[in-house]
There are 4 protein chains.
Amino acid sequence: MIKAGIIGGAGYTGLELVRLLLMHPEVEISVVTSRRYKGKKISDVNPHLEPFIELEYEDVDTKEIADRTDIVFLAVPHGSAMDYVPQLRAREARVIDLSADYRLKKDEYERIYKRQHKDKDKEKRKSVYGLTELHPEVADADLIANPGCYPTGAILAVAPLVKGNEGGGRVKQVVFDSKSGISGAGAEPSAKSHFPNLAENIVPYEVTAHRHVAEMRMELSVKVSFTPHVIPSIRGIPTTAHVFIEENEAITQDEIEETYKRFYEGKRFMRLRKGLPSLSSVRGTNFCDIGFKREEKSDRIVVISAIDNLVKGGSGQAIQNMNLMFGLDEREGLWFPGLVP
Amino acid sequence: MIKAGIIGGAGYTGLELVRLLLMHPEVEISVVTSRRYKGKKISDVNPHLEPFIELEYEDVDTKEIADRTDIVFLAVPHGSAMDYVPQLRAREARVIDLSADYRLKKDEYERIYKRQHKDKDKEKRKSVYGLTELHPEVADADLIANPGCYPTGAILAVAPLVKGNEGGGRVKQVVFDSKSGISGAGAEPSAKSHFPNLAENIVPYEVTAHRHVAEMRMELSVKVSFTPHVIPSIRGIPTTAHVFIEENEAITQDEIEETYKRFYEGKRFMRLRKGLPSLSSVRGTNFCDIGFKREEKSDRIVVISAIDNLVKGGSGQAIQNMNLMFGLDEREGLWFPGLVP
Amino acid sequence: MIKAGIIGGAGYTGLELVRLLLMHPEVEISVVTSRRYKGKKISDVNPHLEPFIELEYEDVDTKEIADRTDIVFLAVPHGSAMDYVPQLRAREARVIDLSADYRLKKDEYERIYKRQHKDKDKEKRKSVYGLTELHPEVADADLIANPGCYPTGAILAVAPLVKGNEGGGRVKQVVFDSKSGISGAGAEPSAKSHFPNLAENIVPYEVTAHRHVAEMRMELSVKVSFTPHVIPSIRGIPTTAHVFIEENEAITQDEIEETYKRFYEGKRFMRLRKGLPSLSSVRGTNFCDIGFKREEKSDRIVVISAIDNLVKGGSGQAIQNMNLMFGLDEREGLWFPGLVP
Amino acid sequence: MIKAGIIGGAGYTGLELVRLLLMHPEVEISVVTSRRYKGKKISDVNPHLEPFIELEYEDVDTKEIADRTDIVFLAVPHGSAMDYVPQLRAREARVIDLSADYRLKKDEYERIYKRQHKDKDKEKRKSVYGLTELHPEVADADLIANPGCYPTGAILAVAPLVKGNEGGGRVKQVVFDSKSGISGAGAEPSAKSHFPNLAENIVPYEVTAHRHVAEMRMELSVKVSFTPHVIPSIRGIPTTAHVFIEENEAITQDEIEETYKRFYEGKRFMRLRKGLPSLSSVRGTNFCDIGFKREEKSDRIVVISAIDNLVKGGSGQAIQNMNLMFGLDEREGLWFPGLVP
């Protein structure tokens, strides 16, 4: 059994790791930390987990966590993970970091997140950007920078067009118009998550400058814009990608389909849809569903992707990465249909 | 024009007073206070009010407010209103208090709200409980204790059965099972109003001991129990009243209908429904819709009432009371259909 | 492997059987019928099931189904099941009927459902009412009448008080005020399920005479009233039980807790909560969560139960029964935490 | 008093006309038709309208309607309006058609709506496209083609950039990504409006070829793409316009603001927002709220518009047009703040 530790187990990302790892046949959760709830039974704080977990939240030092586990998930805020990683790696703990701290190059990170990167060996660590379908090298990594929720859905939506066209160079520009369930904003109540503010509404925010666009640009190497909104739903991110191709770059609906099929062949969590994907089909699962439509007499292709932000967009993908790191089938513990209706 | 002041104009109750008074042909809003937003334009803080109000939030003393207005609405938390009332009444300002401070007898208030009543003339003030349909004496009052949202819907649901039966004494016991939109919990974000906690959920709370039951008992003088829930809606309180009648007290569906019709004759905001009332029909309005059904071979009658908690359950009823205090038709400024769909 | 057949696999109940049985380690789905979708791949009609099921919907005769399966689930409308049961039982197929056809005594059924019971051996068949926690004899049954969704939550809420008090006879009367997610109304669009009619609303219906009350009375043998509502949620039924005890029948909060603990000892899907149960904790699961509160100076106890109407209130409980019929642990295939948030 | 007739008064558009005209001080509703509900009291079919309207639904001939009214609103399906218009105009009735039948040029209409235009005088009629802010000539029109809901929000969002730049020609291409409340799909239940299909979801549809794009292209004369989605809300359309400007066409946030202010000066229902507009601010109102953000180092400007699809996107705008046709202030009957929260 793989012994797993979760640092930051009281937020939505940490709790989703607990929920999913409890169903994983090869994993045993050995430690979950929370400063706020230290000493409390996890299932008392989160009654939906009763009677599945007997552990209490702990607040132990990083050294001890490294000793008690085979893999450590960091479900802590941006800026905190870089405090833990050097200590964990010093003890050769394998680490999957769900924060942004190891996703970008140092200077890019510092520019975007407006803070200094405190890990002086940051660039040496060879962290792998854990977008599993695009980075098979996660299997050999000791440190995974698990992608942001928006970038996961956005990059997977267009990667075959951007990277998979044999002729190459077809895509000129992409605009991602994403809509996210509010769980992406975390477990802490805020004006944004206040029910009367969100119900019967849809809220655009950071419409030209959301931090996640940096990951999209890094991975796609094409002109990218990104506009996020929150929608009155708990989970899920549907992304509408408006893809503009170079003039005189004819491509048909069938050719696009062929491109996607080839690109995602063997990727078990990628589902190409005959029509357009439905958010509800991926609820609670690690799937990324994709559909597309070529606009007639136009340079535009519309691609829709749908993910569960807490699973494929977070904790599920982290486990998918863990599976590969430990030589397991990527589906282990994640292979079940979504909650419909 | 009646000059109106609103003390506490940044919460949902205060803002609903503003929204409604802006449409009132006989009223001019002359002052709105908020400590938090002092000096800010009301329509900057609340963009839906642009360009209807030019005022800024003020933080002025009670004396000044009394001088600048004909009527003062107190939309402040329980426990604060009793600080304002003595000063306002000393200047002969007419007052409608939307808090609980003047609804109950002093000792009852202190027992239920677990605080001392600071107004030493509390009992002398002759405040009138402003459940308009049951208390025509609001027309002569200088101080109105505007009812709680739950009591409004609950009491109106069963008053005809409890008070309007000529034979009298028929009702033995009432259980109110109420469901409230979350706006009743206020404008401040909390765990309760956190979207992921409330959506796809329904939350019972204080199921045997909610403070509002005291008002129901005071008005109905019958054995009353009350269990509230919050539902994933912004506005509205549907109340399901389970009314138990004394054995051998036969009453038919038609007789009940007769009783309700007689009791609410001429009450313009009471709508008796042929079937069961729909919450959406009262959205944004001062109506209280009522329907009922006699259970066969049973001592139970089910009565359903539906109100908008912020209007008939709060600010609308306050204005209805104001209308009567100033000799206007009770419908003035409140006579429009609900927002359907 | 147990070979399972599902007759009526295109509605919510049938699809939930598919979803859950796909995760059951001891079951193989061998046939799923649908007249409407005959010949179509199940996962084409229901894309959330891709790639978990390769089968097509069939429309085969009952004899063939009996031959190809070890257990048949009937997820058909009331009135249809009684056409299948005689044929299936004639071939000694074990049957779990999720309709109402075998829940009540013949004459009661005919009175309530306003149709004749066509199975002339109805009373001889020894069907067992499959409320698993109260009927251990399901283990020996060949024909299970799986309970209605409302009765499951309602009966489990109060059974310990009604049946588990050693002194006996304490409960005088129960009023169930239930709120159901709209999935209980089925997959077919209707005015009731029309989004603008249900969102921001809560709809009481059949407030004195819903058919499910007959099951509650049958199981509880006490004076029972029942009022259902639909709420703007997809899944879940929270039931607020207002329990009235005989005068002079003192019972404390602690004694009630003791009674519930004793009654449900060893029942793995019953979770007694310290506070009040939350619907979201049971989402997607077979749990029934229960909390209660003794009203002071009153004859009333409030008990809240929360179930997922499609799981414990339908397909999950059917599988729980199947587990017992086949000598498996009741948790097999159903033992996972709910989808929170 | 202006006597108004509504043909097709049982759908959402017709009912919204009734709701709004009831509050209009200069209008009396004299006839409302519905074949389905002929002879029924309008307020029996739509209880939220009680006691505001005494009329019954009628099914009278067009001639009679023309005689009994000063203005006729057509709230009928596309394809039906062209049956009524010739008859109404033959009697010199003024007509506001809320369907698509008179919005586009004949051949464009026939191509897009895939039906023949039956009014042989269609092109002679000089119908005016009733996007009030852009077409002051509605004041002199006898036949208004009231715009579609999506085009209203979309065109208003970008018109100042496309038409109001003195230098001209700046905008190269626009992609509208719109999200609509489900009331836009009408009062009739469908799979799309089925609560379990829409709640916790967001549904893209006709992502490259929605019929409304033709109106946008007609009005904007620039390269336009359009992708609609339905969201789990009753009312409202927020549109995110991704506007691409020609290279070397520098424009700052301040210059954009200046352009919008100038363009919409004196247009009372256009509200320019300091930040981004909120859908809830326009709920139930005729306002179109607009906000925008210039993306740095990019050719993209993001403009967000928010309207209530049934008011500014339909019946409210129709009344705004009626006001101008009859020489009234455009605000008459429409000048009230939105329902917040």
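Readers should treat all values here as calculations from the given coordinates under stated rules, not as data from a laboratory. Just so it is clear, the structure is predicted and the values come from calculations on it, not from any experiment. Ideal geometry is used to build each Cβ from the backbone, glycine not excepted, and the neighbour counts take in all protein chains shown.
Using only alpha carbon pairs under 8 Å that are at least six residues apart, calculate the relative contact order of the range C:1-45 and give it in whole percent.
On the way: 47 pairs, mean separation 20.4, N = 45.
Contact order relative to length: 45 percent.
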Inter-copy distances for D:Glu137, label 7 Å out on the Cα-Cβ vector, sorted ascending, nm, one decimal, are 6.3, 6.8, 8.4
Per-residue Cβ contact counts at 10 Å, fewest first, order D:Ile71, D:Ile6, A:Ile251, D:Ile155 as A:Ile251, D:Ile71, D:Ile155, D:Ile6
Any lysines whose Cα falls less than 16 Å from that of A:Lys120, other than same-chain ones fewer than 8 residues away, would be A:Lys105, A:Lys106
Mean separation of Cα contacts under 8 Å (at least 6 apart) over the residue count of chain B, i.e. the relative contact order in percent, is 17 percent
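Mind sorting A:Asp329, B:Asp101 by how few other Cβ atoms lie within 10 Å of their own Cβ, fewest first?
Values: A:Asp329 12, B:Asp101 27.
The fewest-first ordering by Cβ neighbours comes to A:Asp329, B:Asp101.
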Partner shielding of A:42-49, taken as the mean number of other chain Cβ atoms within 10 Å, equals 5
So, in nm and shortest first, the distances from B:Val45 to its counterparts in the other copies, with label points 7 Å along Cα→Cβ, work out as 3.5, 4.5, 5.7
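Once you charge only the Cβ atoms, +1 for Lys and Arg and -1 for Asp and Glu, what is the size of the charge dipole of the range C:2-125 about its Cα centre, to the nearest 20 debye? Could the numbers behind the result be given before it?
On the way: 23 positive and 23 negative charges, 122 e Å.
Once rounded to the nearest 20, the dipole reads 580 debye.
According to the Cα gyration tensor, what semi-axes, each the square root of 5 times an eigenvalue, does the equivalent ellipsoid of the range B:63-175 have, listed from largest to smallest in whole Å? Kindly include the intermediate steps, with their values, before the conclusion.
Details: eigenvalues 167, 54, 27 Å².
Values for the range B:63-175, descending: 29, 16, 12 Å.
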Which of A:Val174, A:Val45, A:Val31 fluctuates most in a GNM of chain A (C-alpha springs under 10 Å)? That residue is A:Val45
The helix D:149-163 Cα axis meets the longest alpha-carbon principal axis of chain D at an angle in degrees, between 0 and 90 and rounded to 10, of 40 degrees
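Determine, for A:Arg103, A:Arg94, the number of other Cβ atoms within 10 Å of each Cβ, and report the residues in order from fewest to most. Don't skip to the end; give the middle numbers.
Values: A:Arg103 27, A:Arg94 19.
Going from sparsest to densest Cβ surroundings: A:Arg94, A:Arg103.
Note the direction-averaged projected area, equal to a quarter of the hull surface, for the Cα convex hull of the protein assembly as shown, in nm².
On the way: hull surface 205.8 nm².
Quarter of the Cα hull surface area: 51.5 nm².
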Hits in the range A:206-220: amide N under 19 Å from the 7 Å Cα→Cβ extension of B:Lys40, namely A:206
Whole-Å distance linking the alpha carbon centroid of the range B:141-199 with that of the range B:49-79 is 27 Å
For the range A:150-309 the mean separation of alpha carbon contacts under 8 Å (6+ apart) over residue count, i.e. relative contact order in percent, is 31 percent
Any lysines whose Cα falls less than 26 Å from that of D:Lys38, other than same-chain ones fewer than 8 residues away, would be B:Lys274, C:Lys192, D:Lys3, D:Lys63
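First measure r as the distance between the Cβ atoms of A:Leu55 and C:Asn248, then evaluate 1/(1 + (r/R0)^6) with R0 = 35 Å and state the FRET efficiency to the nearest 0.05.
Values: r = 46 Å, r/R0 = 1.32.
According to the calculation, E is roughly 0.15.
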Treating only Lys and Arg (+1) and Asp and Glu (-1) as charged, each at its beta carbon, one finds that the protein assembly as shown has a dipole about its Cα centre, in Debye to the nearest 20, of 0 debye
Taking the dipole of the range C:285-341 about the Cα centre (Lys, Arg +1; Asp, Glu -1; charges at Cβ), the one of C:Asn321, C:Pro337, C:Asn309 that reaches farthest to the positive side is C:Asn309
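Would you mind giving the mean number of other chain beta-carbons within 10 Å of the Cβ of each residue in B:21-31, as a whole number?
Details: counts 0, 3, 4, 0, 0, 0, 0, 0, 0, 0, 0.
For peptide B:21-31, the averaged partner shielding equals 1.
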Per the rotation taking chain D to chain A, min distance Cβ-to-axis on chain D (residue, whole Å) equals D:Asp177, 2
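Using the Cα centre as the reference, give the magnitude of the dipole from point charges on the C-beta atoms of the range D:180-236 (Lys, Arg: +1; Asp, Glu: -1; all else neutral), rounded to the nearest 20 debye. Write out the running numbers ahead of the final one.
Details: 5 positive and 5 negative charges, 24 e Å.
That gives a dipole near 120 debye.
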A correct Stokes-Einstein calculation for the range C:2-125, using the alpha-carbon Kirkwood radius, 10 °C and 1.306 mPa s, returns a whole-number D in µm² s⁻¹ of 106 µm²/s
For the range D:2-125, whose charge dipole is built from +1 on Lys and Arg Cβ atoms and -1 on Asp and Glu Cβ atoms, the candidate among D:Ser99, D:Ile29, D:Val18 with its Cα farthest towards the positive end is D:Ser99
Chain B, Gaussian network, Cα under 10 Å: of B:Arg68, B:Arg19, B:Arg111, the residue fluctuating most is B:Arg111
Within the set C:Asn286, C:Asn197, C:Asn321, GNM on chain C using Cα springs under 10 Å gives the largest fluctuation to C:Asn197
Inter-copy distances for A:Asp59, label 7 Å out on the Cα-Cβ vector, sorted ascending, nm, one decimal, are 3.4, 6.6, 7.4
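Determine, from the Cβ-Cβ distance of D:Glu255 and D:Ser221 and an R0 of 25 Å, the FRET efficiency 1/(1 + (r/R0)^6), rounded to the nearest 0.05. Before the final figure, lay out the partial values.
Values: r = 22 Å, r/R0 = 0.87.
Once the sixth-power term is evaluated, E becomes 0.70.
With N set to the residue count of chain D, report its C-alpha Rg divided by 2.2 N^0.38 Å to two decimal places.
Values: Rg = 19.7 Å, N = 341, 2.2 N^0.38 = 20.2 Å.
The value comes to 0.98.
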